[in-house]
Amino acid sequence: MNIYGITREKLENYFIEIGEKKFKALQIYEWLYDKRVTSFFEMTNIKKELQSKLAEDFSFDMISIQKKQQDKLTSKYLFKLSDNNFVEAVLMEHDYGLSVCVSSEVGCNMGCTFCESGRLKKIRNLEAYEMVEQILLIEQDIKKRISSVVIMGIGEPLDNYDNVLDFIKIINDPKGITIGARHITLSTCGLIPKIKELMNETLQINLAISLHASNNELRNKLMPINKTYNMCQLIDTIKEYIAKTNRRVTIEYVMLNSVNDSESCALELATLLKGMNVYVNLIPYNETNHLEYKKSDSKTIMKFYDTLKKKGINVTIRKEFGSKIDAACGQLRSKEVELWKVFI
Ligand code: SF4
């Protein structure tokens, strides 16, 4: 097992099982995430025999940075995995700190029709360590600490539930990468049973729902998942999530020209979300060469925004990051280096 994929609780259980004190897990975490050593033999407060035992039971194998592309406030990283698959992550510099958008799967099975990232079907889940290492390698590269993480890259995180949960626990651990729960956002297209599972975890993370439509008919066209879990069920589940967690939920709404950006869509959306503790994040669409959707113009986006505002819905327009390097939302690709040749 890779040492970067084990939560502190699981590591404590490991130590108990081998007859050691569970506080050793804390010591290991300090070496890994505070001192950032990359060998058990550098852990000087761990006795020699135990260092050898740990080296037998755990590896430090790393994914690697294959390529990095930069555009002002955004850097896109292409990571090579040990089985020669590739995923991407994006680093963004905000005025409030550095955030990273991580991938959770190689490919994605959800098939959202406007999404470049999902053009490659899912090959496999990412292991927790492969997500943790996206953060560690970026921090090592820029020699700075990341302050927030969004799980919004390639993949549907709730389709890789256990590994994503472990990842969140590791980065959120005060002795791990120490990213506060309120600085971690998980974005889902709406896997209802998993949202229900998530609401029973005691995590204070942010949940973002990719809604992108104001009615079932439209959502069926944009997001095949809606045929399994329709919008009415999804809205009910979001209400349940809010009641249970007391947390505000973000509604992601990508603005597609003449598809979902009309005045009537805005009014329909406002009716749907009325009285809910949510805020809507309007996302200017990032056009790609492969998909026919076009971006709504800024006047239309502003009008949509004003309509929601007038109806008492909290709404923001997402700042655009990295569209020049195809690092923007929905533009991450998973098909590997070949695709990078397009822009390197
Ligand atoms: S939007 Fe998200 S869930 Fe939908 S296909 Fe793209 S990566 Fe998958």
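State the percentage of accessible surface on the range 1-131 attributable to carbon and sulfur atoms; use a 1.4 Å probe and exclude ligands, DNA and RNA.
Heavy-atom surface of the range 1-131 belonging to carbon and sulfur, 1.4 Å probe: 48 percent.
Where does the Debye-calculated log10 I(q)/I(0) of the range 201-254 sit at q = 0.17, 0.18 Å⁻¹, using only Cα point scatterers of equal weight, no solvent?
-0.55, -0.61
Under a Cβ-only charge scheme (Lys and Arg +1, Asp and Glu -1), can you give me the dipole magnitude of the chain about the Cα centre, in debye to the nearest 20?
So the magnitude is around 780 debye.
Rounded to the nearest 500, what is the 222 nm mean residue ellipticity of the chain from helices alone, with -39500 (n - 2.57) per DSSP H run of 4+ residues and division by all residues? Don't skip to the answer; put the middle values down first.
Details: 12 runs with 115 residues, N = 344.
For the chain, the value works out to -9500 deg cm²/dmol.
In Å³ and rounded to a whole number, note down the convex hull volume per residue for the Cα atoms of the range 1-56.
Once divided by residue count, the hull of the range 1-56 is 77 Å³.
Checking the a/c ratio against 1.5 first, then a/b against b/c, what shape does the Cα gyration tensor give for the range 213-318?
Oblate, since a/c reaches 1.5 and b/c is not below a/b.
Using a Gaussian network model of the chain whose springs link C-alpha atoms within less than 10 Å, name the residue from G180, G312, G153 with the highest mean-square fluctuation.
In the Gaussian network model the winner is G312.
Highest GNM mean-square fluctuation, the chain, Cα pairs closer than 10 Å: which of Q204, Q140, Q70?
Most flexible of the set in this elastic network: Q140.
Treating cross-link reach as a plain straight distance, find the lysines whose alpha-carbon is under 28 Å from the alpha-carbon of K47, omitting any fewer than eight places away in the same chain.
K10, K21, K22, K24, K35, K169, K175
Using only alpha carbons, build the gyration tensor for the range 143-280 and give me the equivalent ellipsoid semi-axes, biggest first, whole Å.
Listed largest to smallest, the semi-axes of the range 143-280 are 28, 16, 14 Å.
Rounded, prolate or oblate, given the Cα gyration tensor of the range 137-190, with a/c below 1.5 counting as rounded?
prolate
For the range 163-210, restrict the atom set to alpha-carbon positions and state the Rg and Dmax in Å.
Cα-based Rg and Dmax for the range 163-210 come out at 10.9, 32 Å.
Using a Förster distance of 51 angstrom, determine the FRET efficiency expected from the C-beta separation of E56 and T228, and round it to 0.05.
For R0 = 51 Å, the calculated efficiency reads 0.70.
Quick one, what does Rg over Rh come out to for the chain if you take C-alpha atoms and the Kirkwood Rh?
Result for the chain is an Rg/Rh of 0.99.
Using label points projected 7 Å from each Cα along Cα→Cβ, tell me how many nm separate K221 and N257, to one decimal.
Computed distance between label sites K221 and N257 equals 1.6 nm.
How big is the range 44-200 by Rg and Dmax over its Cα atoms, in Å?
16.3, 55
Could you calculate, for the range 1-137, the ratio of the Cα radius of gyration to the Kirkwood radius, expressed as Rg to Rh?
That ratio equals 1.05.
Rounded to the nearest whole Å², what accessible area per residue is found for the chain with the 1.4 Å probe?
I get 45 Å² per residue for this part.
Separation of the range 41-111 and the range 272-323 by C-alpha centroid, Å?
About 31 Å separates the Cα centre of the range 41-111 from the one of the range 272-323.
The values are calculated or read from the model by the stated rules, or taken from the named source; none is laboratory data. On a predicted model such as this, the values are computed, not experimentally measured, just so you know. Note: ideal-geometry Cβ built from the backbone for every residue, glycine included; neighbour counts use all protein chains shown. Keep in mind that these areas ignore ligands, DNA and RNA; they rest on the heavy atoms of the full protein, side chains included. Shrake-Rupley method; radii C 1.70, N 1.55, O 1.52, S 1.80 Å.
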